[in-house]
Amino acid sequence: MGINKENYVDQAEQVIKNLMTDRKGNITLTTSKIRNILAMVSEIYNEVHESGEVLSSESQERIQYLRLRIVYESGRETSVKDFVQKAKILEELKKVKDSKSQFLLFCRYMEALVAYRKFSGRDE
């Protein structure tokens, strides 16, 4: 189905609720791990937020590199990989292409994921 302006917050909430938990009921993904991904997204956001509707080739390259970094982080940590897969992070990033509005939606989705993870209260 994918995220859109009407459902991205609900989708984020559902992803966090469905994350694998350890035997004690704690979410194995720490807030700091997904905040690291959000920090990478925010760097691109700062460049893009005042640009035109079509992303520059430089911004598109940075988004491609972001995908690569997320894959790398997923390979390093099973909990990050599980999160990336359940949240469909890579699929949503692929949808961005050259669309500023699609990237901004992705940014809001990432913020919602971090917020719901923190809201869960079961933290590191």
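The values are calculated or read from the model by the stated rules, or taken from the named source; none is laboratory data. Computed from a prediction, not measured in an experiment: that's the story for all the values here. Here Cβ is always computed from backbone atoms with ideal geometry, including for glycine, and neighbour counts include all displayed protein chains. These accessible areas exclude ligands, DNA and RNA; they are computed on the full protein's heavy atoms, side chains included. Shrake-Rupley method; radii C 1.70, N 1.55, O 1.52, S 1.80 Å.
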For A115, indicate whether it is among the aliphatic types (A, V, I, L, M) and either free of Cβ contacts under 8 Å to residues at least 60 places away in the same chain or open to solvent by less than 10 Å² (accessible area, probe 1.4 Å) (or both).
no
Got at least one residue in the range 75-88 being farther than 19 Å from S32 by Cβ and out of contact with any helix residue (DSSP H, G or I) (no Cβ under 9 Å at 6 or more places or on another chain)?
no
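Here is a yes/no grid of residues against (1) of a type in the set (F, W, Y); (2) assigned to a helix (DSSP H, G or I):
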site	(1), (2)
I37	no, yes
I44	no, yes
E50	no, no
Y72	yes, yes
F83	yes, yes
E91	no, yes
F103	yes, yes
Please name all residue pairs, on different chains or six or more residues apart, with Cβ atoms under 6 Å, provided the first residue is in the range 5-16 and is under 16 Å from F106 (Cβ atoms) and assigned to a helix (DSSP H, G or I) and the second residue is modelled with pLDDT under 95 and not aliphatic (A, V, I, L, M).
A12/Y116; V15/K86
Would you mind stating whether E77 is open to solvent by 20 Å² or more (accessible area, probe 1.4 Å) and closer than 18 Å to A112 by Cα?
no
Check on S56, more than 14 Å from the chain's Cα centre (by Cα) and within 25 Å of N7 (Cβ to Cβ):
no
Out of all the residues in the range 44-60, is one or more under 16 Å from L19 (Cα atoms) and among the charged types (D, E, K, R)?
no
